[in-house]
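Peer 1: This is the structure I want to talk about, given as structure tokens.
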Amino acid sequence: MRDFMAVARFGGRLYWRDKVALSTSVALSLGLGIGMPFLMAKLRPGDSGLLLDMHLGLLAMIMTLSALLQAAVNLSARRDQLILKRMRATGLNDREIIGGELANIAAQAVLLALVVTVVLYVAAGMPTPGNPLVLVAFVVAGAAVLSLLGAAWTVAISRAELAAAVTMPWFMLAGLGAGGFGPIIQLLPSWVGTVLNLLPTGGIVEGARFAYTGEGNVLLALLNLAVWTAIGLIVLRYRFRWEPRKS
Amino acid sequence: MIQVNGLTKSYGDFQAVKGISFEALPGEVFALLGRNGAGKTTTIEVLAGFQPADAGQARVLGLDPMKDRRQVRRRTGIMLQEAGFFPDLTVVQTVESWRAFTPAARPAHEALELAGLLDRSATKVRQLSGGEKRRLDLALALLGRPDVLFLDEPTTGMDPEARRNTWEVVRALAAEGTTILLTTHYLDEAQRLATRMAIMDRGEIVASGGMAETLATQAGRVSFELPEGISPQELPLPVTMAGAVATCRAEDPDLAAQRLLSWAAEKGLRLRGLEVRTASLEDLFLEGIGNA
Ligand SMILES: Nc1ncnc2c1ncn2[C@@H]1O[C@H](COP(=O)(O)OP(=O)(O)OP(=O)(O)O)[C@@H](O)[C@H]1O
Ligand SMILES: [Mg+2]
């Protein structure tokens, strides 16, 4: 536990000096997450249902950016720079290394999501959730699952330079499925929406929507996150590459 | 203590290490030698628990490096042949960060002092020279006061002074009882530091033994330019010719040189470019991999 926290703290220190993390995760998440709903609130004042839909769609997108993409970029870079290998040369075990890195990334993602949400309550008049604890629980669990999946996704990233490009589909699909680009999904066949709701961000949005409105199936949302957690863990366990050299 | 017995490791269907066995005792510097691709790094990585062995046994401090990796790692220091740093951290920040991962770590300044890097503490890692990075590697490997130290080409890229400094550190650690497994392409380094060695070639050990004993069984050489008008058959000792240079191999090269010189004096000849060399690890090395 002590070692796990040491890795997480170390990751945190590096995060805030990492210009790529600051410009994609932090700047883009805050910009999109606050900017878009804010514009919507200006264009259609008073339509709080629309504002919430927009926010939940963007929440899926910014959490994909700040957790899944950030974990994929960060871990594939550390793998390729042989930093993971060096970390393994210490007394740290594999779980502490990946777990610590992911704990930091998930914590930053939660922080960003909360900042965005609170700013929207205060500045755009978004309604507050009926059940704030459920909201926080889904944001935290969602950030953890998405970072885990980001780590697992590094198996699909042959070189760190490609990390952002290879991870982009997650972002686009998350936005499409959750309505972050607006209600485009209604123009597509209904099965597309059903499939996209199976994404981990589908579970997060479903849980968050329940926290706000009391509508939606929390159990299904939890099941979704549980299944993705299992997938992430299995991929990590059997496929994760610690160094660029393939064996 | 390191024990290796019939260790085999393949990558796909390429066998990188083919059933090697050796042992290194506490307080001993054991040199693993061999040309590029011989399997030295692979052996070290298996011993350090980075990869599982396919067959055979590896024991470090009596433990299985894969199964008891945590215990093994906590008592070993590793200088990997290749590993990365965070370029934006300074030298001392790097060491401090690594201390957080190392139980009972040395103070940062002590590790940096040992590695001869104290005066570069405030420099960012990206600005370090190749040899300085290698010293930082050494500082990190020594952080945990390890009982077993793996040094994979530790002095590559170091200047002569840094190499000497590193040798001093290695000797001092061995004197304190640390078991040290060293790979190097500098045979003089191995000859100076190691008490025992093994030469690997294509995954196999082709020669091994105590450094002093092994060298003692090796022939030395005397070489000189063959005087004009003399044929090799006229010389008092058998030689091999390479161009105009005659080389005579002898267990006692000094004695052979004396014989050749007195023969030349009798004939009124001069032996130009006379060189007497006792057996070196280099001869042994070239011979070992030549026979393989
Ligand atoms: N992950 C890997 N996948 C495939 N082949 C590998 C891998 N690692 C090593 N090899 C191969 O195994 C052989 C032994 O490699 P190793 O790194 O152990 O050599 P070495 O003795 O340390 O060489 P050098 O002196 O150049 O460092 C090489 O031919 C190398 O190409
Ligand atoms: Mg090597």
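No value in this document is a laboratory result; all are computed from the given coordinates. Because the structure is a prediction, the values reported are computed rather than measured. Neighbour counts are summed over all protein chains in view; Cβ atoms, including those assigned to glycine, are modelled from backbone coordinates with ideal geometry.
Peer 1: What is the distance, in nm, between label points placed 7 Å from the Cα along the Cα-to-Cβ direction at B:Val245 and at B:Glu266?
Peer 2: Once both label points are built, they end up 2.7 nm from each other.
Peer 1: Now a separate question. More than 22 angstrom separation, counting every C-alpha pair in segment B:1-78; what % is that? Don't jump to the answer; show the numbers that get you there.
Peer 2: On the way: 514 of 3003 pairs.
Result: 17 percent of Cα pairs exceed 22 Å.
Peer 1: What residues qualify as long-range amide H neighbours of B:Val206, i.e. H under 5 Å apart, gap of 5 or more or another chain, H built at 1.01 Å from N?
Peer 2: Those lying under 5 Å, H to H, from B:Val206 are B:Ile199, B:Met200, B:Asp201.
Peer 1: Take A:Tyr238, B:Tyr11 and order them by how many other Cβ atoms sit within 10 Å, fewest up front. Could you put the intermediate results ahead of the total?
Peer 2: Values: A:Tyr238 8, B:Tyr11 14.
Going from least to most buried by this count: A:Tyr238, B:Tyr11.
Peer 1: In whole Å, largest first, what are the principal axis extents of the Cα atoms in segment B:150-244?
Peer 2: Result for segment B:150-244: principal-axis Cα extents of 58, 30, 27 Å.
Peer 1: Per 0.36 nm of contour for each residue apart, how much would the distance between A:Ala27 and A:Leu198 grow if the chain were fully extended, relative to their Cα-Cα spacing? It would help to have the intermediate numbers written out before the result.
Peer 2: Details: separation 171, 0.36 × 171 = 61.56 nm, distance 2.79 nm.
Extending this stretch completely gives an extra 58.8 nm.
Peer 1: Using the Karplus curve 6.51 cos²θ - 1.76 cosθ + 1.60 with θ = phi - 60°, work out ³J(HN,Hα) for each residue of segment A:101-112 in order, rounded to whole Hz, and write x for Gly and Pro.
Peer 2: The phi angles translate into 4, 5, 4, 4, 5, 4, 5, 5, 5, 5, 4, 4 Hz.
Peer 1: Want the number for A:Ser158 to A:Leu39: 0.36 nm per residue separation, take away the alpha-carbon distance, what's left?
Peer 2: 39.0 nm
Peer 1: Can you give the translational diffusion coefficient of segment B:218-291 in µm²/s, computed by Stokes-Einstein from the Kirkwood radius over Cα pairs at 10 °C and 1.306 mPa s?
Peer 2: Details: Rh = 12.8 Å.
The estimated diffusion coefficient comes to 124 µm²/s.
Peer 1: Same structure, new question: Based on the Cβ-Cβ distance of A:Arg9 and A:Ala123, what FRET efficiency does E = 1/(1 + (r/R0)^6) give at R0 = 35 Å, to the nearest 0.05? Provide the component values of the computation, followed by the final result.
Peer 2: Numbers: r = 32 Å, r/R0 = 0.92.
Using R0 = 35 Å, I get an efficiency of 0.65.
Peer 1: Let me ask something additional. Checking a compactness column here: for segment A:27-138, what do you get for Rg(Cα) / (2.2 N^0.38 Å), N being the number of residues?
Peer 2: Output field value: 1.33.
Peer 1: Something else now. Tell me which residues come under 5 Å, amide H to amide H, from B:Ala16 once H is placed; ignore anything under 5 positions away on its chain.
Peer 2: So B:Ala16 has HN proximity to B:Lys9, B:Ser10, B:Tyr11.
Peer 1: Hey, another quick one. So what is the calculated 222 nm ellipticity per residue for the protein assembly as shown, using -39500 (n - 2.57) for each DSSP H run with n of 4 or more, over all residues, to the nearest 500 deg cm²/dmol? Spell out each step's value before the answer.
Peer 2: Details: 21 runs with 273 residues, N = 539.
When only DSSP H runs of four or more count, the value is -16000 deg cm²/dmol.
Peer 1: Also, I was wondering about something else. List B:Glu28, A:Glu96 from most exposed to least, where exposure is judged by having the fewest other Cβ atoms within 10 Å.
Peer 2: Details: B:Glu28 18, A:Glu96 23.
Taking fewest neighbouring Cβ atoms as first place, the list is B:Glu28, A:Glu96.
Peer 1: Same structure again: Count the DSSP beta bridges whose two residues both fall in the protein assembly as shown, then state the antiparallel fraction as a percent rounded to the nearest 5. Display every interim value, and only then the final one.
Peer 2: On the way: 33 of 50 bridges.
About 65 percent, rounded to the nearest 5.
Peer 1: Still on this structure, please answer the following. What is the calculated FRET efficiency for B:Glu168 to B:Asn36, with r their C-beta to C-beta distance and R₀ = 30 Å, to the nearest 0.05? Let's see the in-between values first.
Peer 2: Working: r = 28 Å, r/R0 = 0.92.
Efficiency computed from Cβ-Cβ geometry: 0.60.
Peer 1: Let me ask something else. Sorted from largest down, give the three principal axis spans of the alpha carbons of the protein assembly as shown, whole angstrom values.
Peer 2: So the three principal-axis extents are 118, 47, 45 Å.
Peer 1: Same structure again: With N set to the number of residues, divide the alpha-carbon radius of gyration of segment A:144-235 by 2.2 N^0.38 Å and report two decimals.
Peer 2: Details: Rg = 14.1 Å, N = 92, 2.2 N^0.38 = 12.3 Å.
Compared with the compact-globule rule of thumb, segment A:144-235 sits at 1.15.
Peer 1: Which whole-Hz ³J(HN,Hα) couplings does segment B:82-98 yield from phi under the Karplus relation 6.51 cos²θ - 1.76 cosθ + 1.60, θ = phi - 60°, glycine and proline marked x?
Peer 2: 9, 7, x, 10, 7, x, 8, 7, 7, 4, 6, 5, 4, 5, 4, 4, 6
Peer 1: My understanding is that a pair violates if its Cα-Cα distance is over 19 Å; which of A:Lys85/B:Lys124; B:Lys9/B:Lys67; B:Lys9/B:Lys133 do that in this structure? Could the numbers behind the result be given before it?
Peer 2: Details: A:Lys85/B:Lys124 21 Å; B:Lys9/B:Lys67 17 Å; B:Lys9/B:Lys133 30 Å.
Among A:Lys85/B:Lys124; B:Lys9/B:Lys67; B:Lys9/B:Lys133, the Cα-Cα distance tops 19 Å for A:Lys85/B:Lys124; B:Lys9/B:Lys133.
Peer 1: Tell me which residues come under 5 Å, amide H to amide H, from B:Leu269 once H is placed; ignore anything under 5 positions away on its chain.
Peer 2: Here the answer is none, since no amide H 5 or more places off falls under 5 Å of that of B:Leu269.
Peer 1: Could I ask something else about it? State the three equivalent ellipsoid semi-axes of chain A, derived from the C-alpha gyration tensor as the square roots of 5 times its eigenvalues, in descending order and whole Å. Write out the running numbers ahead of the final one.
Peer 2: Working: eigenvalues 197, 68, 55 Å².
After scaling each eigenvalue by five and taking roots: 31, 18, 17 Å.
Peer 1: Counting Lys and Arg as +1 and Asp and Glu as -1, each charge on the Cβ, what is the dipole of the protein assembly as shown about the Cα centre in debye, to the nearest 20? List each step's numbers first, then the result.
Peer 2: Details: 53 positive and 50 negative charges, 271 e Å.
It comes to approximately 1300 debye.
Peer 1: Related question: So how far apart, in nm, are the two label points at B:Tyr11 and B:Ser121 if each is 7 Å from Cα heading toward Cβ?
Peer 2: 4.0
Peer 1: Restricting attention to segment B:1-87, which trypsin sites (Lys or Arg not before Pro) occupy a DSSP loop and are surrounded by at most 11 other Cβ atoms within 10 Å? Please report the intermediate quantities before stating the final value.
Peer 2: Details: sites: B:Lys9, B:Lys18, B:Arg35, B:Lys40, B:Arg59, B:Lys67, B:Arg69, B:Arg70, B:Arg73, B:Arg74, B:Arg75; in loops: B:Arg35, B:Lys67, B:Arg75.
Qualifying residues, ordered by number: B:Lys67.
Peer 1: Ignore the peptide's own chain and count Cβ atoms of other chains within 10 Å of each Cβ in B:63-73; give me the average, rounded. Mind dumping the intermediate values first?
Peer 2: On the way: counts 0, 0, 0, 0, 0, 0, 4, 6, 1, 1, 6.
Average neighbour count from other chains, rounded to a whole number: 2.
Peer 1: Continuing with the same structure: What distance in nm separates the simple spin-label points at B:Ala175 and A:Asn217, each placed 7 Å from Cα in the Cβ direction?
Peer 2: 7.4
Peer 1: Can you give the mean number of other chain Cβ atoms that lie within 10 Å of the Cβ atoms in peptide B:23-30?
Peer 2: Details: counts 0, 0, 0, 0, 0, 0, 0, 0.
Per residue, the number of nearby Cβ atoms from other chains is 0 on average.
Peer 1: To the nearest 0.05, what FRET efficiency results for A:Arg17 and B:Asp252 with a Förster distance of 51 Å applied to their C-beta separation? Walk me through the numbers before you get to the answer.
Peer 2: Values: r = 64 Å, r/R0 = 1.26.
Once the sixth-power term is evaluated, E becomes 0.20.
Peer 1: Above 15 angstrom, tally the Cα pairs of segment B:80-141 and express them as a % of all pairs, no decimals. Write down the numbers at each step before the final one.
Peer 2: Numbers: 758 of 1891 pairs.
In whole percent, the long-distance tail amounts to 40.
Peer 1: In terms of the ratio Rg/(2.2 N^0.38 Å) built on C-alpha atoms, what value belongs to segment A:40-84?
Peer 2: Working: Rg = 17.2 Å, N = 45, 2.2 N^0.38 = 9.3 Å.
Ratio of Cα Rg to 2.2 N^0.38 Å: 1.84.
Peer 1: Which values of log₁₀ I(q)/I(0), to two decimal places, follow from the Debye formula for chain B at q = 0.06, 0.09 Å⁻¹ with a uniform point scatterer at every Cα?
Peer 2: Result of the Debye calculation: -0.26, -0.54.
Peer 1: In whole Hz, what ³J(HN,Hα) sequence does segment B:56-62 give by Karplus (6.51, -1.76, 1.60; θ = phi - 60°), x for Gly and Pro?
Peer 2: x, 10, 10, 10, 10, 6, x
Peer 1: In segment A:15-84, which chymotrypsin sites (Phe, Trp or Tyr not before Pro) are in a loop and have at most 16 other Cβ atoms within 10 Å, using DSSP for the loop call? Intermediate values should be presented prior to the final figure.
Peer 2: On the way: sites: A:Tyr15, A:Trp16, A:Phe38; in loops: A:Trp16.
Those that pass, being in a loop and sparsely packed, are A:Trp16.
Peer 1: Hey, another quick one. Please order B:His109, A:His55 by the number of other Cβ within 10 Å, starting at the fewest. Can you show the working numbers first?
Peer 2: Values: B:His109 12, A:His55 29.
Result, fewest neighbours first: B:His109, A:His55.
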